[in-house]
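Below: the structure, in structure tokens.
The values are calculated or read from the model by the stated rules, or taken from the named source; none is laboratory data. Note that the coordinates shown come from a computational prediction; the quantities given were computed from them, not determined experimentally. When we count neighbours, we look across all protein chains shown, and the Cβ atoms used for this are built from the backbone with ideal geometry, even at glycine. Side chains are part of the model used for accessible areas, which takes the heavy atoms of the whole protein and leaves out ligands, DNA and RNA. Shrake-Rupley method; radii C 1.70, N 1.55, O 1.52, S 1.80 Å.
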Amino acid sequence: YPIIPGDIYVIPPETIHTFCITHHAVTFNLLIDFRAFTELEMRSLNEFSRFREIFAGLRKGGSCLRLPASESMETASMVISAERVLKGCSPGYAAELHARTMLILLAICRKAERLRPPGSTRRGNAGKLSLLSGYISEHFRSRITLEQIAEITGMTPNSASRFFVRCMGVPLMTYVNRLRI
């Protein structure tokens, strides 16, 4: 996945993934086990039309919510606060961490609702790149051709090659060879 300021990637459990950071960036990893939430909390989250699209029933490659960098700063500060609670381990920290995680999820869902109204589905570059990186992660030990990549993305071989370089900053075979090493 290319890292762009403001992006929130939701990656399903047990999915092999890599990130390519081509500029100075701060990243946060937040691991959420939805089994820790009550039925009422899950019903509340499911009231957001985009929640299921972003977090539930994830496709193999996951999903990406592209936020303007300014919008993501609020979410980042919420994650930093949750991290402080976790490191502090003061009495009641587990309950506070749970509550802060819920607030982070609510903030993400609200931002997603404002960005794209329900029903307007589109599979942009993040979706194509997700499919592509998933395929490469699973097949990097085998011979990968540009024609295979083009078929996966629904592009011509030349377009797929330019797309990969634009998103990842390196040619496809360079990326595959680095992964192999």
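Considering only residues that are at pLDDT 85 or above and polar (S, T, N, Q), look in region 74-94 and name the one that is least open to solvent (accessible area, probe 1.4 Å).
Ser81
Considering only residues that are not in a helix (DSSP H, G or I) and not small (Gly, Ala, Ser), which ones fall in region 88-109?
Passing the criteria: Cys89, Pro91.
Kindly provide the set of residues from region 136-154 that are hydroxyl-bearing (Ser, Thr, Tyr), open to solvent by 50 Å² or more (accessible area, probe 1.4 Å) and touching a residue at least 40 places away in the same chain (Cβ under 8 Å), ordered by number.
Correct list: empty.
Search region 156-181 for residues being at pLDDT below 85 and not in a helix (DSSP H, G or I), and hand back the single one that is nearest to Ile16 (Cα to Cα).
The residue in question is Ile181.
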